[in-house]
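The values are calculated or read from the model by the stated rules, or taken from the named source; none is laboratory data. Everything numeric here is computed off the predicted structure, so don't read it as measured data. Positions of Cβ are backbone-derived with ideal geometry, glycine not excepted, and every protein chain shown enters the neighbour counts.
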Amino acid sequence: MSARAPASAEAIAATPIDAADNTDDTAAVVTPKTYTLEELQQFLPHRYPFALVDRIIDYVPGERAVGLKNVTFNEPHFQGHFPGRPIMPGVLIVEAMAQVGGIVLSQMPGVNGLCVFAGIDKVKFRRPVVPGDQLLITTELITVKRLRFGKMKSRAEVDGQLVCEGNLMFSIVD
């Protein structure tokens, strides 16, 4: 997990409400609830082949995020894990969960610096993830201490079935 504030967080965090919905001429703004892959790149420093989140479909800054990862046969780890029976490595599922956690922290007030993965606890894998699956990842903030350390809980599902769950620890470095 790594996250950083974008060059222009205000520009990304504030999206104008559709003018047709705005009865007066004031420019009201709302925080977006979704992010495309292109928008995610402003918050997460990860790039191919280590960018493991394709889209954020629900987001509450400083609370939780829900992300999608489309698992495809073209990903490099499937060449060796395992030939003839490709299975997404569990460590990459956990990393995808942590990257969704990076989004949770990316616009949290008072967080300055790079958010990095600091540990895992109580992680359990329930079933294999294979090419063609779509991971639905939900990561929620549990605690933050002095805006430097914290813990999140996360779960990944495929077609409504739990595939992985656990707690993720993070640290914020300058």
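Among the residues that make up segment 13-29, is at least one of them surrounded by fewer than 17 Cβ atoms within 10 Å (Cβ to Cβ) and modelled with pLDDT of 55 or more?
no
Within segment 84-113, how many residues are touching an Asp or Glu at 6+ places or on another chain (Cβ under 8 Å) and over 17 Å from THR139 (Cβ atoms)?
Number satisfying all stated conditions: 3.
Conditions tested, residue by residue: (1) crowded, with 17+ Cβ neighbours inside 10 Å; (2) under 14 Å from the mean Cα position of the chain (by Cα).
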site	(1), (2)
LYS124	no, no
VAL129	yes, no
GLY132	no, no
ILE137	yes, yes
LEU141	yes, yes
VAL144	yes, no
PHE149	no, no
ASP174	no, no
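Identify the residue in segment 82-110 that is touching a helix residue (DSSP H, G or I) at 6+ places or on another chain (Cβ under 9 Å) and more than 19 Å from HIS46 (Cα to Cα) and, among all such residues, is surrounded by the fewest Cβ atoms within 10 Å (Cβ to Cβ).
ILE87
Considering only residues that are in a strand (DSSP E or B) and surrounded by fewer than 18 Cβ atoms within 10 Å (Cβ to Cβ), look in segment 53-81 and name the one that is modelled with the lowest pLDDT.
VAL60
Against the condition more than 19 Å from ARG155 (Cα to Cα), more than 10 Å from the chain's Cα centre (by Cα) and polar (S, T, N, Q), how does ASN74 come out, does it pass? So that I can check it myself, show each step before the final result.
On the way: more than 19 Å from ARG155 (Cα to Cα): yes; more than 10 Å from the chain's Cα centre (by Cα): yes; polar (S, T, N, Q): yes.
Spelling it out, ASN74 is indeed more than 19 Å from ARG155 (Cα to Cα), more than 10 Å from the chain's Cα centre (by Cα) and polar (S, T, N, Q).
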